[in-house]
Structure formats: C-alpha cells, structure tokens
Amino acid sequence: MRGLIADILESGGVDVVGEAENGREALAVVADTEPDVVTMDVEMPEMNGIEAVERLMDETPTPTLMLSAYTAEGAEETFAALDAGAVDFFAKPGGEVSMGVSRMEEQLVETVRSVAKADVSTAAHRRRTQAAAAASGGTAQPSAGAGSSTGRVSVEPNTTLIIGSSTGGPDAVERVISALPGDADLRGIVVQHMPEAFTGRFAERLDAACDLSVREAEDGMRLGRGELAVARGGHHLEVASARNGRLRLKVVDEDRGQGVRPSVNVTMESAAQVVDDPLIGVVLTGMGADGSEGVQALSRAGARVLAQDEDTCVVYGMPKRAAETGCVDTVLPLDDIAGGITGETA
C-alpha cells in the first residue's frame, strides 16, 4: 500500500521525499526531510498513526492526511487521529490494504495538495492547551467571543441553520455546535464532506458534544426545535418542506453535477426555496467552492450568511469563495461563529 500511494502521488506531480514503515520511523523521516505534507496510515506496527500524529504535532507540526479503512472501526480511529491534530483523512476502499485506491488517484492527489496548504499551528497549539488542561484537571476554554450556553439568546423563533464545511471541518463544526445554547429555537443541517461510513459516527460525536440533538439524516426525517441532522456521506440532502417550525428532509442519491456528495450548494439551495422562517447559512473551513452558489440562493431568500475568517481556517477555500460572491454578511473567527448565529457577536 505504501508503494502504491507513493506511485500515485508521484504520477500526480507530488514529490515523495521519504517513506516510513511505522509511526516511530515516520517521526524521524519527517524531522529529517521537513515535508510539506504527510500521509499517515492509522494502523502501523511499533507506533500507530494516532500516537504518531500526537507526537508529530508536538515536535514538528506538519499537515497530515490520515489513510483510513472504510469501516465503522476505521471511522472511530480516524476521528481519534483528527482529535490528535490530523487535518483530514482519505478513506481507502476495501479495508486496510486495497488496490481499489488506485481508482481514486485524482481525488487522493487533490486531497494531499489541499492538506499541504493547511495551517496546523493553531490546531497544534489548541491540542497542547487541551492536554495541559486535562493534566491539571481543568478544561480548555474557548477564546473570548465564543458562543455560550449561558446568557441571553436572541435567535429568532423557528430559525433554520445550514452549516457547510470540508477540510478541517469536523473539529470546526464541533466547536461551533458545542457552543450553541440548547434552548435556542434552532433546527438545522450540517453538511460535511465525508464518506458514508463516517457521517453516522460524526453525528454521534456532535450529539455527545453539544446541548442539541444531532442525528445522521434519513429520508423523510423531520427536524424540530433543538434538532440537527448531519447529511449522509455519498448522498445529497435537501429540505423538502418547512411547516410549523419543522423541516422535512429528503436524501437524494443522484450526482447533481456538484463534484462532491453531500454538497453544501444542494442543501442551501433547497432550504432557500422552501423555508419562509428565519434562515442562517454558515460556511466553514474547506477546500474548493462548494457553498458559493448556496449562499447566493440564501441571500436572495433574505437569509443571514456567515463565513469563517482566513486566520482560523485550516484551508481558506470555501469561505473565501463564498465571500467573493458578495453574499456573506459577516466574516468571523471560528470561536465567534456561534455567537454570530445567536446574535451575541456583531
């Protein structure tokens, strides 16, 4: 698998400057070669990928892409690696070692190039802060201006929230959602670019991290106050109808020409068409332009649109393209996004 990955990257114009058989060797190779980006398997002998990423972020912070098995167990391990500081992951089809990955050459090369642009300094600092807080028996606090579950909540009644993200998104989404007050009159959707085997576990993580109820989207699902749905990987998600403060969702197994599934554009455009109550769109860190068409539809529908700022993005792609449309009302640091949703941050 290591040789196959190296061949794919080299054929895609990526210079492979070193290889390692295990996590311990990887740390030495990274320190010696100082690469722009690291691809790291989760399962390795001597030192696994999770521990290796933790050490890497402490010693020589480098943008890291995890190579993960396309399984529920692989999803669990992958999220642990993202918690440790990895930027993104690439799901290998067919298990731990599969020649099927060669069918996804273009996607792998594109993902590696996007991860190489990531700023890991903020993530590395946050991980060290959290580790220090845990060691002292305390908890790391968000920065000033972050949303809070306390204080006055000024969300309008029956507000629908649509959040879109990609590279760096799992951590960003969790930080935003966990800062939203549970008593806010919100219902909404999270669209994170992620394979189908991972979105269910992602929904469980968000549900455990916040005061709102979070589930993976199902066809025909209805969402009411205090409920969020995570778009299922490999499918688009539409808001089919909105009545009496409740949304009805439609899972769509069609291409739609967006290049990604789920697509932020598809969900935002459908919400703009059917939601008459207050509507808020948020575009977080991610590669590419998904969401730029969606925010234009939301703006035409009278929605309020927020975007993450460049300094706190892992990859300033999606928010930048959204802002370039002229339809973003407010650009905020990540830890101010929740306050922007609730009206606590101007």
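Coordinate-derived values only; no laboratory data. Please read these numbers as outputs of a predicted model, since none were measured by experiment. Reconstructed Cβ throughout: ideal geometry from the backbone, glycine too, with neighbour counts over all protein chains shown.
Miscellaneous remarks
- The chain - percent relative contact order, Cα under 8 Å, separation 6 or more: 14 percent
- Ellipticity estimate at 222 nm from DSSP helix runs (n ≥ 4, -39,500 (n - 2.57)) divided over the chain, nearest 500: -11000 deg cm²/dmol
- Which labelled figure in (i) 80, 46, 33; (ii) 80, 49, 36; (iii) 57, 48, 35 is Cα extents along the principal axes in Å, once derived from the coordinates: (iii)
- Rounded to 10°, Cα long-axis angle of helix 196-209 versus longest principal axis of the chain: 70 degrees
- Förster-model FRET efficiency, 56 Å R0, ASP329 and GLU59, C-beta, rounded to 0.05: 0.85
- Euclidean distance of C-alpha centroids, region 314-346 and region 188-222, integer Å: 21 Å
- A cut-off of 5 Å between modelled amide H atoms, ignoring neighbours fewer than 5 places along the same chain, links VAL230 with VAL190, ARG215, GLU216, ALA217.
- For LYS92, the lysines whose Cα comes closer than 27 Å to its Cα, not counting residues fewer than 8 places off in the same chain, are LYS117.
- Note on GLU73 and GLU105: the extension gain reaches 9.1 nm, defined as 0.36 nm multiplied by sequence separation minus the Cα-Cα distance.
- You can think of it this way: the chain between SER121 and ARG300 has 60.7 nm of extra reach, that is 0.36 nm per residue less the Cα-Cα gap.
- Peptide ranges 190-201, 320-331 listed from the most packed, as the mean C-beta count within 10 angstrom indicates: 190-201, 320-331
- Among SER263, SER299, SER114, residue whose mean-square fluctuation peaks in a GNM of the chain (springs only between Cα atoms under 10 Å): SER299
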